[in-house]
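Take a look at the structure set out below.
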Amino acid sequence: MRRKCGADVVAAARSTRASGRRVSGYLAAALAVCICASYPVATRAGLTGAFTAEQLVTLRFGVGALVFLPYLLLQFRAIGHVAWRRGLILALLQGAGMGALVIGGLQFAPANHQAALGPGVSPAWVALLGFLVFARRPSARMIVGAVLCVLGVLALTGWSAIREAPQVLLGDAMFLGASALGALYVLHLRKWGGNAIEAAAIVSVYSAAIVVPWHLGSGAEPLWRAAPLELLWQALWQGILIGCVALVALNHAVARLGAERSSAMVALIPALTALLAFVFLGEMPSGAEIAAIVAISAGVSIAASPYGGSPASTSAPIMRPASGLSRPG
């Protein structure tokens, strides 16, 4: 009897901990969604105002690196060489590579396109690249969701090619490339596990090491010549919210929920960004664009399903200690 009671207590404690982990994962995902939905609007406002794409990329990673640098200095000995090597790959995906494509694309295409073709099609990329790169078989629901996302992408890019200026199609292509890099980041992070803050810090510092010297050597307009209030506003969005808070929240959500469920949480981003872009930028989507956004959001919602197949292929997160990235996967 005592053994049974003890086993019941242990099982209840484990269930409570698992429930708490899921709740924290969903809260982190919700925070990342809110920031990611607002980010294209803030960036588009900066690009149509006083800032160039090069300046915003520098702010995003330069400020983020300054925020994370003390953490890395304190944890330097605890972070192994494997973590630094893997961090370089993550930085090229979620960091400098993805950031440059997103900000560059917002020079040519509206904010609602970025939300739909960026995070909005991430589940489709997760399903496709997970199968091609990691040999992970997607479930039927993920396939259906991915097909809806692709149909929405075709409708949105087709509308851009027919009715919009040619440069809008270039921006759309950059958004699609950025979302593919983001999906690879999520899949790699899911495979390796690790600490959310550690991964975000390494990504930010590596990206800054690439972007900041490039900006200083390009002869671009110095950042300190911008209006102080506008500079502070963009530093908050680029460096703190999207460069630090959203990245840590995304990493935490992936660790707690898995790659597929974390990606599926972005279903609200396209619609929320379109609303914010209309309110703050006056960007009114056309009927075709609204239909495409609805299709993509529906595809993301349907894709909220783990992979099928063997237990090794499921989306249950593999949690490791704080130096998880530093250990072999």
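In table form, for the structure just shown:
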item	result
Among residues of segment 126-140, those that are among the hydrophobic types (A, V, I, L, M, F, W, C) and closer than 17 Å to ALA298 by Cβ, counted	3
Candidates PHE131, PHE175, filtered to the one that is out of contact with any helix residue (DSSP H, G or I) (no Cβ under 6 Å at 6 or more places or on another chain), over 15 Å from VAL294 (Cα atoms), aromatic (Phe, Trp, Tyr) and modelled with pLDDT of 85 or more	PHE131
From the options GLY105, GLY120, residue that is buried (at least 20 other Cβ atoms within 10 Å of the Cβ), in contact with a Gly (Cβ under 9 Å, 6 or more places away or on another chain) and modelled with pLDDT of 85 or more	GLY105
Residue match in segment 217-228 (condition: at pLDDT 90 or above, over 27 Å from ALA183 (Cβ atoms) and part of a helix (DSSP H, G or I))	no
Positions within segment 71-91 being among the aliphatic types (A, V, I, L, M), within 14 Å of ALA199 (Cβ to Cβ) and in a helix (DSSP H, G or I), in sequence order	LEU72, ALA78, VAL82, ALA83, LEU88, ILE89, LEU90, ALA91
Sole residue being at pLDDT 80 or above and in a helix (DSSP H, G or I), chosen from ALA267, ALA246	ALA246
Residue satisfying all of: in segment 188-216; polar (S, T, N, Q) and modelled with pLDDT of 85 or more; surrounded by the most Cβ atoms within 10 Å (Cβ to Cβ) among these	SER204
Segment 85-103: number of residues that are closer than 21 Å to ARG60 by Cβ and over 16 Å from the mean Cα position of the chain (by Cα)	1
Residue among LEU169, LEU176 that is under 21 Å from ALA111 (Cβ atoms), out of contact with any Leu (no Cβ under 7 Å at 6 or more places or on another chain) and surrounded by fewer than 22 Cβ atoms within 10 Å (Cβ to Cβ)	LEU169
Any hit, segment 248-260, residues being surrounded by 15 or more Cβ atoms within 10 Å (Cβ to Cβ) and either on the phi > 0 side of the Ramachandran plot or of a type in the set (Phe, Trp, Tyr) (or both)	yes
Pairs where the first residue, in segment 73-100, is in contact (Cβ under 8 Å) with a residue 60 or more places away in the chain and over 21 Å from GLY239 (Cα atoms) and the second is of a type in the set (Gly, Ala, Ser) and crowded, with 16+ Cβ neighbours inside 10 Å, C-beta under 7 Å, 6+ apart	ALA78/SER323; ILE79/SER323; ILE79/SER326; GLY80/SER323; GLY80/SER326; VAL82/SER326; ALA83/SER323; ALA83/SER326
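The values are calculated or read from the model by the stated rules, or taken from the named source; none is laboratory data. In this text, all values refer to a predicted model and were calculated from it rather than measured experimentally. Counting neighbours? That spans all protein chains shown, and the Cβs are built from the backbone with ideal geometry, glycine included.
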